[in-house]
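Below is one structure; the comments refer to it alone.
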Amino acid sequence: MARVYNFSAGPSMLPESVLRKAADEMLDYQGSGQSVMEMSHRSKVYDGIIKEAEALLREVMNIPDNYKVLFLQGGASSQFAAIPLNLTTKDGKADYVITGQWAKKAYKEASRYCNANVVASSEDKTFSYIPKLDPSTFTPDADYFYICMNNTIYGTVYHELPETGDVPLVADISSCILSRPIDVSKFGILYAGAQKNMAPAGLTVVIVREDLIGHAQDICPTMFNYQIHADNGSMFNTPPCYTIYMAKLVLEWIKNDIGGLDKMYELNLKKANLLYDFLDSSEMFKGTVVPEDRSLMNVPFITGDDELDAKFVKAATEAGFVNIKGHRSVGGMRASIYNAMPYEGVEKLVAFMKKFEEENK
Ligand SMILES: *Cc1c(COP(=O)(O)O)cnc(C)c1O
C-alpha cells in the first residue's frame, strides 16, 4: 500500500506510528477485550484514557494549574458563540481583529450576543497580512479581545501578540495548536478544533482560565456553558471518546517520539523554511503572504495563471501530493504542513515543483 503525501488543511495527516498503534489496539484495548470505540465513557478503563489525555496536554503545552482543560464537541465553530455567551453580558463589549473567514465568522456570531467591535481588518488585501495593532484603539473595558492566531485559509500567523493589558486575550489556535510552545498564561482562553493538528475531527479543546468560568449569560445553552463541563470533568454528557483517545496517542508521539514542543517547533521551522525558500527563489511559484506574517502550518502559493495552477494541482495529485488546491475562496495552491507531515514530504514536494517549473517554462 502506498500512502500519499496529504497536504489537506483539515482533517489532515496523522503520524503513521499513531495510526499503526490505533490499528493494533482497535479490537482489544490493552487487554480490556474491547475497542475504545465500544467502551462506556464511565468505565474505569476509559477514565484512565481521558485523564491521561488531559495530563499529557497539560504537560506538553505547559498549562498552568489555574486553567481548566475542556474536551468538547461542536467544532471550533461552536466556540464562536460559546465565547461571548460565557464571557460577556448582553451589554458587554468585545474587540475582534478580522484576519480571515474564521475570525469574521466568530465576530458575526459574537455580534448576536454582545457588542462586538472590529479593531482592525486585513480584508483590503485578501487577508494576506496581519494588521498592525495600536493598543490605544482597543476598548479599555472590553470583556475580552479576540484573535485567530493562525489563519488556515490565508496562511498568516501572529508572530507577536496584541498588548491587551487586563483584558483577557482569546485565541482560536485550531490550526497551530501543538506546533510550537505557547505561553498559555498570556491568554484568557485558547481553543482549537482537533482535526488540523491534534486528532481526527470531533473534538474541540478549550483551555480556559478559571476566573473566566461561571459568568455565563442566562440564555447560554447548558451544553455551551464552561462551568457545566468544568464541574463534570468534560463528562456532563458523552464526550467524543475515540477522538480523545487519538489525541492521547498524538500527544504521546509529540512527547516521546519528537521530544516535546521545542523540538516540534524546530522541525516545523525546518519544513516551512524549505518551502518558503523555494517559493522565494522560484520564477514560477510565489507565496501570497507578506514574509513577516507567514504561517508555519499553511503555505498558500500561486503561479499567477489560473490554468497553470490547475495543471499543477492535477499533476501533483497524480504524483501523490494530494489536497494541495487552495481554498475555494482564494484559488491557487495551499500546502498545509502540519506536525504529521514529514520533512521528506516537503522535500519531495519542492523537488516536484522544481521539475514542474523546468518542464513548463
Ligand atoms: C478549521 C478551522 C475552524 C473551524 O473548525 P470546525 O471544527 O470545522 O468548526 C475554525 N478556526 C480555524 C482557525 C480553523 O482552521
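For this structure, a couple of remarks:
- Each residue in the stretch 306-361 was checked for being surrounded by fewer than 18 Cβ atoms within 10 Å (Cβ to Cβ), touching a helix residue (DSSP H, G or I) at 6+ places or on another chain (Cβ under 9 Å) and either basic (K, R) or in a loop (DSSP other than H, G, I, E, B) (or both), and 9 of them qualify.
- Options A94, A103, A55; residue that is modelled with pLDDT of 95 or more and open to solvent by 40 Å² or more (accessible area, probe 1.4 Å): A55
- Members of the stretch 156-169 that are open to solvent by less than 50 Å² (accessible area, probe 1.4 Å) and under 17 Å from the mean Cα position of the chain (by Cα): T156, V157, Y158, L169
- Where a residue in the stretch 89-112 is within 16 Å of the ligand (Cβ to nearest atom) and its partner, wherever it lies, is at pLDDT below 95, with Cβ under 8 Å and at least six apart: Q101/S329
- Failed condition for N6, given (1) over 21 Å from A201 (Cα atoms); (2) within 16 Å of the ligand (Cβ to nearest atom): (1)
Residue-by-condition table, conditions (1) out of contact with any strand residue (DSSP E or B) (no Cβ under 8 Å at 6 or more places or on another chain); (2) within 16 Å of the ligand (Cβ to nearest atom):
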{"position": "E163", "(1), (2)": "yes, no"}
{"position": "P168", "(1), (2)": "no, no"}
{"position": "I173", "(1), (2)": "no, yes"}
{"position": "V184", "(1), (2)": "no, no"}
{"position": "G188", "(1), (2)": "no, no"}
{"position": "V205", "(1), (2)": "no, yes"}
{"position": "C220", "(1), (2)": "yes, no"}
{"position": "P240", "(1), (2)": "no, yes"}
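- Exclusive hit being modelled with pLDDT of 95 or more and within 16 Å of the ligand (Cβ to nearest atom), set A199, A216: A199
- Single residue of Q73, Q79 found to be under 22 Å from G10 (Cα atoms), within 16 Å of the ligand (Cβ to nearest atom) and open to solvent by 30 Å² or more (accessible area, probe 1.4 Å): Q73
- Among the residues of the stretch 99-132, those identified as within 21 Å of T88 (Cβ to Cβ) and hydrophobic (A, V, I, L, M, F, W, C) are W102, A103, A106, A110, C114, A116, V118, V119, A120.
- Test: residue in the stretch 266-274 that is in contact with a helix residue (DSSP H, G or I) (Cβ under 9 Å, 6 or more places away or on another chain), open to solvent by 20 Å² or more (accessible area, probe 1.4 Å) and charged (D, E, K, R): yes
- Top-ranked residue of the stretch 124-155 - restricted to ones that are away from the ligand (no atom under 12 Å from the Cβ), within 21 Å of P84 (Cα to Cα) and touching a Phe, Trp or Tyr at 6+ places or on another chain (Cβ under 9 Å), ranked as least open to solvent (accessible area, probe 1.4 Å): F145
- K263 being open to solvent by 20 Å² or more (accessible area, probe 1.4 Å) and either outside any helix (DSSP H, G or I) or at pLDDT 95 or above (or both): yes
- Cβ-Cβ distances below 8 Å connect the following pairs, each with a first residue in the stretch 282-294 that is free of Cβ contacts under 8 Å to residues at least 40 places away in the same chain, a second residue that is assigned to a loop (DSSP other than H, G, I, E, B), and a separation of six or more residues or different chains: K286/T303; K286/G304.
- H229, sole failed condition from (1) more than 20 Å from the chain's Cα centre (by Cα); (2) surrounded by fewer than 22 Cβ atoms within 10 Å (Cβ to Cβ); (3) within 30 Å of R112 (Cβ to Cβ): (2)
- Residue within the stretch 177-189 that is of a type in the set (S, T, Y), closer than 18 Å to P64 by Cβ, touching a helix residue (DSSP H, G or I) at 6+ places or on another chain (Cβ under 6 Å) and not in a helix (DSSP H, G or I) present: no
- Qualifying positions in the stretch 200-232 - at positive phi and either hydrophobic (A, V, I, L, M, F, W, C) or touching a residue at least 60 places away in the same chain (Cβ under 8 Å) (or both): G202
The values are calculated or read from the model by the stated rules, or taken from the named source; none is laboratory data. Since the structure is predicted, the reported quantities are computational estimates derived from the model, not experimental observations. Cβ: placed from backbone, ideal geometry, glycine included. Neighbour counts: every protein chain shown. Only protein heavy atoms, including side chains, enter the accessible area calculation; ligands, DNA and RNA are left aside. Shrake-Rupley method; radii C 1.70, N 1.55, O 1.52, S 1.80 Å.
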